[in-house]
Amino acid sequence: MSISAIMVTYNSYELTRRLLPTLASGIGNQLSELIVVDNASSDKTGEKLKQEFPTINCLTMPENKGYGAAVNAAAAKSEGEWLLILNGDVEISQTQIKQLKELTEKYAADLIAPAQEEPGGGTIPTVRNFPTPFTILFARRSPLGRIFGKLGGYLREMPQKTERIKGVIGGACFLIKKEKFQQIGGFDPNFFLYAEDTDLCKRLNDLGAKIFYTPEVRVRHFWGSSTKQNYRLALKRQQTSLLYYFKKHFPHRRFSRVLLTFLFFLQYCFSYLFKPSR
């Protein structure tokens with residue numbers, strides 16, 4: 001079971017540099033290769049990392065076309081039978097990679113994602129139901145989501161054991177069979193940032209692929225290291241991605257999309273009045 005690890009980074013040199021040694025040490029052991037994709041960082045992240053870690057393959061994108069496009073470019077050049085896809089702010093050990101491999105074989109999974117935890121130890125809610133134009137109003141950051149939480153049908157209880165998920169798993173860290181990834185065409189590059197993992201899981205689920213989540217493996221995610229650089233730009237991209245997702249998967253719900261557009265506009269305006277929170 002050969003694995004190509006793909007890590008995407010953007011203007012996060014210091015953090016990615018801190019997380020790379022453990023990951024890079026697995027090349028030739030748990031990993032057949034490590035491809036670091038620099039998404040056109042202004043701080044020349046990729047160039048500096050390649051100098052410090054000569055064993056990695058560094059792919060520098062000429063322009064930032066988004067997270068999914070960067071992963072797709074690396075996947076096309078990868079040699080492994082499996083792809084370990086990572087954000088540039090995720091810390092994972094060789095032991096954890098080995099555990100994911102073993103669990104993948106045990107459950108005959110096509111995709112498996114570990115639990116993600118914050119630096120302080122809290123579990124990040126990475127498992128969700130597939131969104132609809134209605135249930136997205138109860139997303140974690142939304143006012144209704146904060147009031148009603150899981151009652152809105154979008155959020156769900158985090159599994160306490162390894163189980164198959166017919167829904168969404170967060171895309172910051174997961175192991176996927178390359179054949180399946182290629183079969184569905186990888187990430188949809190029309191998603192610049194956000195919802196590309198939701199769309200990927202939706203298409204895999206429609207294909208009958210086996211998607212698993214496991215709390216038996218817990219990786220550390222220093223989330224928000226890139227998006228917090230410009231919160232409102234990140235919010236706008238998130239809204240754009242969600243509207244595209246609904247247009248793609250709910251093509252006949254035009255009125256719902258118009259209503260969402262208006263609500264997203266209000267959310268964006270309120271972001272100037274209230275301090276954003278994760």
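The values are calculated or read from the model by the stated rules, or taken from the named source; none is laboratory data. Here the structure is a predicted model, which is why all the values come from computation and not from measurement. As a convention, Cβ positions derive from the backbone with ideal geometry for all residues, glycine included, and neighbour counts pool all protein chains shown.
General observations
- Within the range 85-136, the set of residues being in contact with a helix residue (DSSP H, G or I) (Cβ under 8 Å, 6 or more places away or on another chain) and among the aromatic types (Phe, Trp, Tyr) comprises Phe130, Phe134.
- Pair list, Cβ under 7 Å, 6 or more apart: the range 148-171 residue closer than 21 Å to Leu86 by Cα and exposed (fewer than 15 other Cβ atoms within 10 Å of the Cβ), other residue modelled with pLDDT of 90 or more and of a type in the set (A, V, I, L, M): Met158/Val127; Arg164/Ile211
- The combined condition, being of a type in the set (S, T, N, Q), surrounded by 18 or more Cβ atoms within 10 Å (Cβ to Cβ) and either closer than 22 Å to Val8 by Cα or without any contact (Cβ under 8 Å) to a residue 24 or more places away in the chain (or both), is not fulfilled by Gln182.
- Only listed residue being at pLDDT below 95 and buried (at least 18 other Cβ atoms within 10 Å of the Cβ), chosen from Pro131, Pro114: Pro131
- Counted residues, the range 68-97 - those being assigned to a helix (DSSP H, G or I) and surrounded by fewer than 18 Cβ atoms within 10 Å (Cβ to Cβ): 4
- Within the range 8-30, tally of residues that are surrounded by 20 or more Cβ atoms within 10 Å (Cβ to Cβ) and closer than 15 Å to Glu79 by Cα: 1
- The combined condition, being in contact with a Ser or Thr (Cβ under 9 Å, 6 or more places away or on another chain), among the basic types (Lys, Arg) and crowded, with 19+ Cβ neighbours inside 10 Å, is not fulfilled by Lys202.
- Some residue of the range 67-78 being within 27 Å of Arg164 (Cα to Cα), modelled with pLDDT of 95 or more and of a type in the set (Phe, Trp, Tyr): no
- Every residue from the range 248-278 that is over 15 Å from Tyr194 (Cβ atoms), modelled with pLDDT of 75 or more and of a type in the set (D, E, K, R): Arg253, Arg254, Arg257
- Any hit, the range 56-64, residues being aliphatic (A, V, I, L, M), crowded, with 18+ Cβ neighbours inside 10 Å and under 20 Å from Lys177 (Cβ atoms): no
- Condition check for Leu100: crowded, with 21+ Cβ neighbours inside 10 Å and in a strand (DSSP E or B): no
- Complete set of residues in the range 1-20 that are touching a residue at least 24 places away in the same chain (Cβ under 8 Å) and either in contact with a His (Cβ under 6 Å, 6 or more places away or on another chain) or in a helix (DSSP H, G or I) (or both): Tyr13, Leu15, Thr16, Arg17, Leu19, Leu20
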